[in-house]
Amino acid sequence: MPFVLRRVVWMVTASLGIFAHTVFLWGDDTSENWPQWRGALGTGVAQHADPPMTWSEQQNIRWKIEIPGKGHATPIVWGDVIFVTTAVPFGEALTPIYNNAPGAHDNDPVTHHHRFMALAIDRADGNVRWQKVLNEKLPHEGGHFSGSLASASPVTDGELLYAYFGSHGLYAVSYEGDPVWEFQPGTMQSKHAHGEGSSPALHEDTLLVNWDHEGASFLVALDKKTGETRWKEARPEVTSWATPLVVGEGGEAQVVLAGTNRVRGYDLKTGNVLWECGGLSNNIVATPVYGDGMLFVGSSYETRALLAIKLPGARGDITGTEQVVWSRQRATPYVPSPLLYGGSLYFLRHYQGILTRVDAMTGREPLGPFRLGGIRDVYASPVAAAGRIYITDRSGLTLVISDDEVPRTLAANQLDDGFSASMALVGGEIFLRGERFLYCIAERSDQ
């Protein structure tokens, strides 16, 4: 099957502006770091990176190493070290423990104890500097068959690594692998027992953890140096898998978190709700993106919705007000989060290989949706650098697409692994974590 980018509908093209972003923690030089799962900007964009466009198992692979166990957490990069987390089964197989929650028919049974681990890997050669077992436990849920017990991505500030495994703990670890503190949030009862996946967010001295589940839900802020609770705000929500997003607006930082009933903005210092907006669906997975005072949040389960919210002036319940600049109810994102790049918002329909691009400020769609030839199920969120967009599916195929007025397929790259974790783009390198391997993809002159 040819790998093509096929336009489904033609509409008048629109000019693309340059979108301004706020970097909250890591400063303007993000070229050598990817400190969280959506990069330093929280948008999926690497501003200064220029990664390869083509690769295969025989081309442009600097190194490839096997990672023990299973995990869908994105690798994060700081300086010359890469961090990954994983869950490794051990011991004798148990009589399968099935979860009989409604809708749990797609779940894996619990059959083993697991070691929840963090690994530090040398960026230059892929050698493992250290690996640390942070917890050993029999999971109470097996999770969805397509998920993992280590789906939450770690985060770093260049001083400590924060590795998060949901019900199995949040751990602050030194760059030498020494434990500093831990936080045990409780036992999460996920919807349909489908498992956990929200990642922690970090802003200055505060870590944020989303604990939306089928019990008492909350958002908690922790001191990053000690793990002590700064505030904890109850949430009238059921299970969601979205990651908190910290944005700066009006000279103060706020935490944005999407949920089934509302997307809300919280004061970072106090946890007080600043504003809220309804209109999403059940099963919130995609994390919002933000730029130029605009927040973009979407869902697609039984109801499709995408909202563009103007944050300046947002206070109280803004549902149906002029703070919602535009919205749409078709072809909206479900699992992969949107990508904000070059004045445009890119998103996949549900988790299928159909890409939509709209003008971020107006919601206008210059062209119709694009069918991504060869791309099937996509869990990884799209990323971008150097005028190119990278979309990876679960079969190991990555399409590289141009950020032109009429996007073109630049390359179709196949690897012998399956991918649910999002890419990390740093400098001239791509770090791609599969079901079995971690790849460092870089231009090689010897091939």
Practice problem: May I ask you to order 79-88, 159-168, 314-323 by the average number of other C-beta atoms within 10 Å around their residues, highest value first? | Solution: 159-168, 79-88, 314-323
Self-check item: region 35-102, relative contact order [Cα under 8 Å, separation at least 6], %
Solution: 25
Quiz item: Based on DSSP, what percent of beta bridges with both residues in region 239-376 are antiparallel, to the nearest 5?
Solution: 90
Exercise. Just order 394-406, 226-238 by mean Cβ neighbour count inside 10 Å, highest at the front, would you?
Key: 394-406, 226-238
Exercise. Return the distance in nm (one decimal) between the two label points of a simple spin-label model at Asn261 and Asp377, each offset 7 Å from Cα along Cα→Cβ.
Key: 3.2
Practice problem: Using R₀ = 56 Å, calculate the FRET efficiency as 1/(1 + (r/R₀)^6) where r is the Cβ-Cβ separation of Glu57 and Asp205; round to 0.05. | Solution: 0.85
Self-check item: Cα pair count fraction exceeding 19 Å, expressed as % - region 139-242
Solution: 40
Exercise. Let me know the number of lysine pairs in the chain closer than 24 Å at the Cα, not counting same-chain pairs under 8 apart.
Key: 13
Exercise. Give, in nm to one decimal, the length gained when the segment between Asp416 and Glu443 is fully stretched (0.36 nm per residue of separation minus the Cα-Cα distance).
Key: 7.8 nm
Quiz item: So what are the radius of gyration and Dmax for the Cα set of region 73-231, in Å?
Solution: 15.9, 47
Quiz prompt | Nearest-20 debye value, the chain charge dipole, Cβ charges on Lys, Arg, Asp, Glu | solution = 1160
Quiz item: Each residue of region 255-264 in turn: what ³J(HN,Hα) in whole Hz from Karplus with 6.51, -1.76, 1.60 and θ = phi - 60°, glycine and Pro shown as x?
Solution: 9, 9, 9, 8, x, 4, 7, 8, 9, 10
Quiz prompt | Long-range tail of P(r) for region 279-396 (Cα pairs > 21 Å, %) | solution = 34
Practice problem: Give me D for the chain in µm² s⁻¹, whole number, from Stokes-Einstein with Rh from the Kirkwood sum over alpha-carbon pairs, 37 °C and 0.692 mPa s. | Solution: 151
Exercise. Search the structure for amide H atoms under 5 Å from the amide H of Val383, placed 1.01 Å from N in the peptide plane, and list their residues when 5 or more places away or on another chain.
Key: Tyr390
Quiz item: Given R₀ = 25 Å, FRET efficiency for Thr362-Ser402 by Cβ-Cβ distance, to 0.05?
Solution: 0.70
Exercise. Search the structure for amide H atoms under 5 Å from the amide H of Thr243, placed 1.01 Å from N in the peptide plane, and list their residues when 5 or more places away or on another chain.
Key: Ser199, Thr287
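Where a number appears in this text, it was derived from the coordinates with a stated rule and is not lab data. Everything numeric in this text was worked out from a predicted model, so none of it was measured. Cβ sites come from the backbone with ideal geometry, for glycine too, and all protein chains shown count toward neighbours.
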